[in-house]
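Trainee: First the structure, which I've put down as structure tokens, then a few questions once you've had a look.
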Amino acid sequence: MNLGWIDFSDSDRKKTMDVLRLFQEQGAVDELGIGVIRDGFANYFFPGTSTIQTRAKYFFIIPYAMMDTVRDTHVSSVQQALRRLDELEKESAVILKKNSDEQGIIGATVLPKWVVRTPSTIYWNGLRTLGIFNAGLFQNISISEYFRLAIKLREEKKASTLGNRKEDAEENNKDDVDAGDFLFRNFWHLPYVKNWKDELSINLTPNEADYLAIKIKESNPKSVFAFVIRENIDIEQYVDFSSFSCDLKQKLDEENASMMELADRFNDFISIAQIRYNLMLSEGRNDTAQTLWEDVKSRASEYADSVDLEAVFGCLRLHNKDLKKFLECFKDAVIRGDWDVADHEILKQEVRIKGARAKLKNKSKYPEDKWIGGYKLDYRFTDARRLIMDIRKGGYHV
């Protein structure tokens, strides 16, 4: 099948590319429909994060760029605003690359070209979730909707001040500043920093580190994300979610500790499906899958018996009946040690989700030594760890 589109604008192009990305191959865990559970736990533990966020600095670069876009009186439409924001984000990448050789600069590897998935689209939900953008007043607002509303308010505010203009130029300038401050107070909980691009660095300043730490603690005070910052946990010592959870469960409140235990037990359980999936795909010839299977098979029944699927779906408020049925049937087969039935459930689930594109229906297309998908779920621990390390490096201390 050939796909094409008429490219009317940058925003139309980005929307189209977002749709096309849905057709790209995902890991086997997502192909089995587990992503909704993984993301549910991740949002609970580390709200405002995503797997494609790179550095904490973008929680400041994007608001400043969006404020500058609205402040620019030559920008009078949403399309112009989106183009100007895109330009500012690219300019920032150029400056960051020039000023630093650190990792995590979005677009650094493709400059002078630019990325399809821009920093603003990557961080927008996080800006709202952490309360940097005033999502309380503007629920579920998109970037385009923000620009439409902000430009409208800017023009209304400008018009209302025209009748009060003084001939004194200094008073006129004050009116312009007041109009800008009015807009930013409505939309942002972040003070505007003039000349923010001067000497721009991917590292946080002490003020930025303090601000972001406070927003994480204030916006989601009961989250694990906030707990780690509030209690000054040395997150750098942990290499993955499992090691992090093992230690932290002893320090958390009862509710968070219970959720972590639930996530750990689900992780152990679903890793069995991941191993079996790769064994099936390689018809038993994947050495990695075989080694992992030899290590876990004696504990597989215990892992399956210990996971509380009712609690998983209940605590995460999930209502996916097909996914729940698959997991229950797979769990029952694992407990009984009936691997023919367990493997059949895996095949049936992938075919239900992917149809003719199911890898298990097209085994010959995949090298037998290639591992498909992940092994243990990370629940965005690695992404949150990177952000917290940026905050620590910026100079934040409890």
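Trainee: Compute the Cα gyration tensor for region 22-125, then decide on rounded, prolate or oblate, letting a ≥ b ≥ c be the square roots of its eigenvalues: rounded whenever a/c is under 1.5, prolate when a/b is larger than b/c in the other cases, and oblate in all that remain.
Mentor: Numbers: a/c = 1.99, a/b = 1.69, b/c = 1.18.
In terms of gyration-tensor shape, prolate.
Trainee: Starting from the alpha-carbon convex hull of region 276-398, give the projected area averaged over all orientations, in nm².
Mentor: Averaged projected area of region 276-398's Cα convex hull equals 10.9 nm².
Trainee: How high is the FRET efficiency between residue 317 and residue 109 when r is their beta carbon distance and R₀ equals 51 Å, given to the nearest 0.05? Kindly include the intermediate steps, with their values, before the conclusion.
Mentor: Values: r = 39 Å, r/R0 = 0.76.
The formula returns an efficiency of 0.85 here.
Trainee: To the nearest 0.05, what FRET efficiency results for residue 218 and residue 301 with a Förster distance of 51 Å applied to their C-beta separation?
Mentor: Values: r = 45 Å, r/R0 = 0.88.
Between residue 218 and residue 301 the formula returns 0.70.
Trainee: Still on this structure, please answer the following. Looking at the square roots a ≥ b ≥ c of the eigenvalues of the Cα gyration tensor of region 223-273, which shape do they give, rounded for a/c under 1.5, prolate if a/b is larger than b/c, or oblate? Don't skip to the end; give the middle numbers.
Mentor: Values: a/c = 2.75, a/b = 1.55, b/c = 1.77.
Judged from the Cα gyration tensor, region 223-273 comes out oblate (a/c at least 1.5, b/c at or above a/b).
Trainee: Here's a follow-up. Distance from the Cα centre of region 78-97 to that of region 124-150, in angstrom?
Mentor: For region 78-97 versus region 124-150, the Cα centre distance is 18 Å.
Trainee: Oh, and also: Using θ = phi - 60° and the Karplus curve 6.51 cos²θ - 1.76 cosθ + 1.60, what whole-Hz ³J(HN,Hα) does each residue of region 143-155 get, with Gly and Pro shown as x?
Mentor: Once θ is set to phi - 60°, the couplings for region 143-155 become 4, 4, 5, 4, 5, 4, 6, 5, 5, 4, 5, 4, 5 Hz.
Trainee: Moving on to the next point. What percent of all Cα-Cα pairs in region 292-343 falls in each 5 Å bin, counting up from 0?
Mentor: Calculated P(r), rounded to whole percents: 4, 20, 26, 23, 15, 9, 3.
Trainee: Given the rule -39500 (n - 2.57) for each run of at least 4 DSSP H residues, summed and divided by the residues of the chain, what is its mean residue ellipticity at 222 nm, to the nearest 500 deg cm²/dmol? Don't skip to the end; give the middle numbers.
Mentor: Details: 18 runs with 240 residues, N = 398.
My calculation for the chain gives -19000 deg cm²/dmol from helical runs alone.
Trainee: Across the Cα atoms of region 231-343, what radius of gyration and what greatest pairwise Cα-Cα distance (Dmax) are found, in Å?
Mentor: That works out to 15.9, 48 Å for Rg and Dmax.
Trainee: Let me know the charge dipole size of region 54-164 about its Cα centre in debye, to the nearest 20, where only the beta-carbon of Lys, Arg (+1) and Asp, Glu (-1) is charged. Walk me through the numbers before you get to the answer.
Mentor: Details: 16 positive and 11 negative charges, 13 e Å.
Roughly 60 debye for region 54-164.
Trainee: For region 184-300, just run the numbers: alpha carbon Rg, then divide by 2.2 N^0.38 Å, N being how many residues it has.
Mentor: Working: Rg = 21.4 Å, N = 117, 2.2 N^0.38 = 13.4 Å.
Taking the Cα Rg and dividing by 2.2 N^0.38 Å, one obtains 1.59.
Trainee: Quick one: 3J(HN,Hα) in Hz for region 81-93, Karplus 6.51/-1.76/1.60 with θ = phi - 60°, rounded, Gly and Pro as x.
Mentor: Ordered by residue, 3J(HN,Hα) equals 5, 5, 5, 5, 4, 4, 5, 5, 5, 5, 4, 5, 4 Hz.
Trainee: Tell me, what is the per residue accessible area of region 340-398 in Å², probe radius 1.4 Å?
Mentor: Details: 3090 Å² over 59 residues.
Value for region 340-398: 52 Å² per residue.
Trainee: Using modelled backbone amide H atoms (1.01 Å from N, in-plane), which distant-in-sequence or interchain residues come within less than 5 Å of residue 188's amide H?
Mentor: Those lying under 5 Å, H to H, from residue 188 are 134.
Trainee: Let me ask something else. So what are the chain's ellipsoid semi-axes, whole angstrom, largest first, if each one is the square root of 5 times an eigenvalue of the alpha-carbon gyration tensor?
Mentor: Details: eigenvalues 410, 123, 73 Å².
Result for the chain: semi-axes of 45, 25, 19 Å.
Trainee: What are the ³J(HN,Hα) couplings of region 207-221, residue after residue, when phi is run through the Karplus curve with 6.51, -1.76, 1.60 and θ = phi - 60°? Round to Hz, x for glycine and proline.
Mentor: Running phi through 6.51 cos²θ - 1.76 cosθ + 1.60 with θ = phi - 60° gives 5, 5, 4, 4, 4, 5, 4, 5, 5, 5, 6, 7, 6, 9, x Hz.
Trainee: May I ask for the Rg/Rh ratio of region 329-395, computed from Cα atoms with Rh as the Kirkwood radius, given to two decimals?
Mentor: Details: Rg = 18.6 Å, Rh = 15.4 Å.
With Rh from the inverse mean 1/r over Cα pairs, Rg/Rh is 1.21.
Trainee: Using Cα atoms only, what is the angle between the long axis of helix 381-393 and the major principal axis of the chain, expressed in degrees (0 to 90) to the nearest 10?
Mentor: In the chain, helix 381-393 runs at an angle near 40 degrees to the longest axis.
Trainee: Here's something else I'd like to know. Round to the nearest 0.05 the FRET efficiency obtained for residue 79 and residue 100 when R0 = 30 Å and r is the Cβ-Cβ distance. Before the final figure, lay out each step's value.
Mentor: Values: r = 32 Å, r/R0 = 1.07.
E between residue 79 and residue 100, to the nearest 0.05, is 0.40.
Trainee: With a 1.4 Å probe and every protein chain kept in, tell me what percent of the accessible surface of the chain is carbon plus sulfur. Intermediate results must be reported in sequence, preceding the final value.
Mentor: Values: 10070 of 20350 Å².
Roughly 49 percent of what the probe reaches on the chain is carbon or sulfur.
The values are calculated or read from the model by the stated rules, or taken from the named source; none is laboratory data. Because the structure is predicted, anything quoted here is derived from the model rather than measured. No Cβ is skipped: glycine too gets one built from the backbone with ideal geometry, and neighbour counts run over all protein chains shown. Just so you know, the surface numbers come from the protein's heavy atoms only, side chains and all, with ligands and any DNA or RNA stripped out. Shrake-Rupley method; radii C 1.70, N 1.55, O 1.52, S 1.80 Å.
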